[in-house]
Amino acid sequence: MSETGSENPNDGRYSTGELTRRLLGLAWQFRADCLLSLALSVLLLALALVGLQLLGVVIDVIRHALDPALGAPAFPFGWKPPARWKPLDVVTFLSLAIVAQALLRAVLTYSYNMATARLTQGKIVPDLRDKLYAKLQRLSFRFFEVNGSSSIFNRLTGDVQNTRLFVDGVVLQGINMIITLGAYFVFMWRIHPALTVACLSVSVPLAWVTHYYSNRLRPGYLRNRELYDGLVQLFSESVLGIQTVKGFAAERGCIERFEQGNNEVSAQQRRIFWDLSIFTPATQLLSQLSLAILFAYGGWLYVQGRIPLGGGLVVFAGLLQQFTGQVANLSTIANSVQQSLTAARRVFEVLDTPLEVQNKPGALAPGRLTGSIVFDHVTFGYKTGAPVLHSVSFEAKPGQVVGIFGMTGAGKTSLLSLIPRFYDPQQGRILADQSDLRDLDLDAYRRQIGIVYQESFLFSNTVAANIAFGNPHATQEQIERAAKAASAHEFILALSKGYQTVLGESGVDLSGGQRQRLALARALLLEPPILILDDPTASVDPKTEHEIVSALRHAMAGRTTFVVANRLSLLRRADIILVLDGGRLVQTGTHSQIVRLPGPYREAAMLQLMDLDEDEPIGAERAPGRFT
Ligand code: DCP
Ligand code: MG
């Protein structure tokens, strides 16, 4: 979206020249296919010229037959009809040759279209899409925070398509146009230089009009893509958030916002069409002007007796018409230039985003870790100058359970996200088995960490595939072992097709507790020495919480576990508890140690115990005013 787009580190980075160079590089990458397309179009051009030549000769043969005083026709390509042929035989033969030429052109046009489609849709587009997707997979979280998902979708789909337009719509068409115009020019010049110059003088205003409109179009296309990103964002959010929308009876508002966004896009689109609908006829009009010049000036030349009214003039008119037709193509090409540059800018922005977290050269692939994690004066923030963790230090020994407690916004999730190195700290360092995380091979390290989030994302696939997500080669036995360890085996068997049950989109047909246990099984399948649990019981009822907690008890055995929780049921089991307050580590110790000390943990513990003692009916607590 536009306001977040400005935070993109690549914004405004590309000059038109640079974009053009890179797009030419893209064409160069597929030079063999480009050459094939160009060769076919040159053949087509040659055939068109042959056709015109033949037409001119046919006319001269007829005129000569009608009036032998006019002089014998000049046959092209060194060919001469046998002396015994009558003029009618010659005309018939030439007409057949013209038909053959037209047929051959049809076949070549077909081949040209096929070759170009194979190049663009078969090679360039899939290649760019693969590159973009691979890059997206490696980009750090920050990129996704800055760029909305819709903008990313649109770049992967529409913008990739428009980027390839540079190859077929600009490079191929452009070279083709230059060759064609050159050839026509030479042929016309050979017929009559002065007439050629007169007719082609309209090219000057034509070039100016093209330049003017082309520059007008570019910002329009960019704005259009941004507005469209916003519209798709609105749409996808209302699909993903449909429960919230309906729950708050907010359909009307959503529809109105969508209509407004939709109108903005179409109004913007209309402005582009408005420019285009002046631009295209303007270029056509100008090119038709040259025909008018031909008739006026050519007619005058004829009257003056300086040019014969023969096949030559017909050929000239034909050449001129083709020439102006090609020139009128300029507007299409100019339009493609702007469209493809806009799209390419958005595609390259993604491809060029530096990887914030990446392997350094010679990074170490660790063997199986013991699970020791040390935070050494770690300061971290999402934006520079606004840390959300301040100089946090602690040590987790192998196999320990580390509970993390803090108010909402205290920095618990942020702390957890540093462990798998989703971000790098701004100051201080984090050690796993005594090695700085920045020295470890990222993939090899992350594979040793199992993560369960507050809310788990399940893929539209079978239960088994969801559990085996981190290791697609896992055996059924491994999958079941993980499911049992996560207390998920029983409920999975009760599903209609057991492990082969396909979950709906995002797994909507499971309860919150079931989803969490599947997510836990998915994390445990990898037998990770380090387990990270971000408030896994946050959104479930007490009974499910109990199930998850008892599942966790098995799961945590033998691994270093980091668990964010607010419920004492989970925290009590921790070997050490870290209490975070406003991004600072304010207390460290076991439950029994810190529950005695004044502070946020003790307060929360008291409240939870009081909740248990409370015999006031729940209705009384809901009395108006108590919520404020
Ligand atoms: N923050 C941010 N950008 C993000 C995530 C968080 O600027 N992508 C900010 C919001 C908070 C602070 O960082 O001010 C800490 O956020 P956490 O998500 O780490 O907070 P908690 O996990 O402790 O909160 P909760 O209990 O609500 O999950
Ligand atoms: Mg959190």
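The values are calculated or read from the model by the stated rules, or taken from the named source; none is laboratory data. None of these values were measured; they are calculated from a predicted model. Here Cβ is always computed from backbone atoms with ideal geometry, including for glycine, and neighbour counts include all displayed protein chains. Just so you know, the surface numbers come from the protein's heavy atoms only, side chains and all, with ligands and any DNA or RNA stripped out. Shrake-Rupley method; radii C 1.70, N 1.55, O 1.52, S 1.80 Å.
Reported count of residues in region 546-568, each being assigned to a helix (DSSP H, G or I) and open to solvent by 40 Å² or more (accessible area, probe 1.4 Å), is 4.
So that you can scan it fast, the table gives a plain yes or no per residue for (1) under 25 Å from residue 577 (Cα atoms); (2) of a type outside the set (Val, Ile, Thr):
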site: 354; (1), (2): no, yes
site: 362; (1), (2): no, yes
site: 386; (1), (2): no, yes
site: 408; (1), (2): yes, no
site: 462; (1), (2): no, no
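One line per residue, one yes/no per condition, for (1) assigned to a helix (DSSP H, G or I); (2) free of Cβ contacts under 8 Å to residues at least 12 places away in the same chain; (3) open to solvent by less than 40 Å² (accessible area, probe 1.4 Å):
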| residue | (1), (2), (3) |
| --- | --- |
| 306 | no, yes, no |
| 313 | yes, no, yes |
| 317 | yes, no, yes |
| 333 | yes, no, yes |
| 336 | yes, no, yes |
| 342 | yes, no, yes |
| 350 | yes, no, yes |
| 358 | no, no, no |
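Comparison of 571, 580 shows that the only residue that is out of contact with any Leu (no Cβ under 9 Å at 6 or more places or on another chain), open to solvent by less than 10 Å² (accessible area, probe 1.4 Å) and closer than 24 Å to residue 375 by Cα is 571. For the criterion of being loosely packed, with under 15 Cβ neighbours inside 10 Å and either over 25 Å from residue 521 (Cα atoms) or out of contact with any strand residue (DSSP E or B) (no Cβ under 8 Å at 6 or more places or on another chain) (or both), residue 589 fails.
So is residue 528 at negative phi, within 16 Å of ligand 1 (Cβ to nearest atom), in a loop (DSSP other than H, G, I, E, B) and buried (at least 20 other Cβ atoms within 10 Å of the Cβ) or not? Here the answer is no, as residue 528 does not meet what is asked. Scanning region 397-420 for residues that are within 14 Å of residue 564 (Cβ to Cβ) and away from ligand 2 (no atom under 16 Å from the Cβ) returns a single hit, 401. For region 375-386, taking the residues that are modelled with pLDDT of 95 or more and surrounded by fewer than 17 Cβ atoms within 10 Å (Cβ to Cβ), the one that is nearest to ligand 1 (Cβ to nearest atom) is identified as 379. Does residue 389 satisfy being within 16 Å of ligand 1 (Cβ to nearest atom), open to solvent by less than 70 Å² (accessible area, probe 1.4 Å) and at pLDDT 95 or above? Here the answer is yes, as residue 389 does meet what is asked. Scanning region 225-239 for residues that are free of Cβ contacts under 8 Å to residues at least 12 places away in the same chain and open to solvent by 80 Å² or more (accessible area, probe 1.4 Å) returns a single hit, 237. When 266, 236 are checked against the criterion of being assigned to a helix (DSSP H, G or I), modelled with pLDDT under 90 and polar (S, T, N, Q), a single residue qualifies: 236. Condition first: within 16 Å of ligand 1 (Cβ to nearest atom), buried (at least 16 other Cβ atoms within 10 Å of the Cβ) and not hydrophobic (A, V, I, L, M, F, W, C). Now tell me which residues in region 531-544 satisfy that. Across region 531-544, the qualifying residues are 534, 535, 536, 537. Annotation note: Cβ proximity below 6 Å between a residue of region 446-473 that is within 17 Å of residue 501 (Cβ to Cβ) and a residue that is open to solvent by 10 Å² or more (accessible area, probe 1.4 Å) and not in a helix (DSSP H, G or I) (sequence gap 6+ or interchain) occurs for 462/502; 463/501; 466/459; 468/474.
Determine if region 393-402 includes at least one residue that is open to solvent by less than 80 Å² (accessible area, probe 1.4 Å), within 16 Å of ligand 1 (Cβ to nearest atom) and either under 23 Å from residue 548 (Cα atoms) or without any contact (Cβ under 8 Å) to a residue 12 or more places away in the chain (or both). Looking for residues that are open to solvent by less than 80 Å² (accessible area, probe 1.4 Å), within 16 Å of ligand 1 (Cβ to nearest atom) and either under 23 Å from residue 548 (Cα atoms) or without any contact (Cβ under 8 Å) to a residue 12 or more places away in the chain (or both), one finds at least one in region 393-402, hence yes. The set of residues in region 483-499 being under 21 Å from residue 533 (Cβ atoms) and either of a type in the set (S, T, N, Q) or not in a helix (DSSP H, G or I) (or both) consists of 486, 487, 488. You will find that of 424, 441, the residue that is modelled with pLDDT under 95, among the acidic types (Asp, Glu) and within 15 Å of ligand 1 (Cβ to nearest atom) is 424 and no other.
Six or more apart or on different chains, Cβ under 9 Å: which pairs go from a residue in region 248-259 that's of a type in the set (Asp, Glu) to one that's surrounded by 14 or more Cβ atoms within 10 Å (Cβ to Cβ)? Could you list them? So the pair list comes out as 251/238; 251/245.
In this entry, residue 433 passes the filter for residues that are more than 16 Å from ligand 1 (Cβ to nearest atom) and among the acidic types (Asp, Glu).
Taken over region 423-437, the criterion of being free of Cβ contacts under 8 Å to residues at least 24 places away in the same chain and either aromatic (Phe, Trp, Tyr) or open to solvent by 20 Å² or more (accessible area, probe 1.4 Å) (or both) is satisfied by 436 alone.
All of 496, 460, 511, 487 fail the test of being among the hydroxyl-bearing types (Ser, Thr, Tyr) and surrounded by 15 or more Cβ atoms within 10 Å (Cβ to Cβ), apart from 487. When residue 425 is tested against (1) under 30 Å from the mean Cα position of the chain (by Cα); (2) within 14 Å of ligand 2 (Cβ to nearest atom); (3) over 20 Å from residue 528 (Cα atoms), only condition (2) is not met. For region 52-78, a residue qualifies if it is under 20 Å from residue 191 (Cα atoms) and assigned to a loop (DSSP other than H, G, I, E, B), and the qualifying residues are 71, 72, 73, 74, 75, 76, 77, 78.
Of all residues in region 440-454, none are more than 16 Å from residue 518 (Cα to Cα), within 16 Å of ligand 2 (Cβ to nearest atom), of a type outside the set (A, V, I, L, M, F, W, C) and buried (at least 17 other Cβ atoms within 10 Å of the Cβ).
Just one of the listed residues (392, 388, 378) is within 16 Å of ligand 2 (Cβ to nearest atom) and more than 33 Å from the chain's Cα centre (by Cα), and it is 392.
Here residue 371 clears all of (1) surrounded by fewer than 20 Cβ atoms within 10 Å (Cβ to Cβ); (2) away from ligand 1 (no atom under 12 Å from the Cβ) except the condition numbered (1). If you scan region 198-220, which residues turn out to be closer than 19 Å to residue 188 by Cα and either surrounded by 19 or more Cβ atoms within 10 Å (Cβ to Cβ) or in contact with a Ser or Thr (Cβ under 9 Å, 6 or more places away or on another chain) (or both)? Those that are closer than 19 Å to residue 188 by Cα and either surrounded by 19 or more Cβ atoms within 10 Å (Cβ to Cβ) or in contact with a Ser or Thr (Cβ under 9 Å, 6 or more places away or on another chain) (or both): 198, 199, 200, 201, 202, 203.
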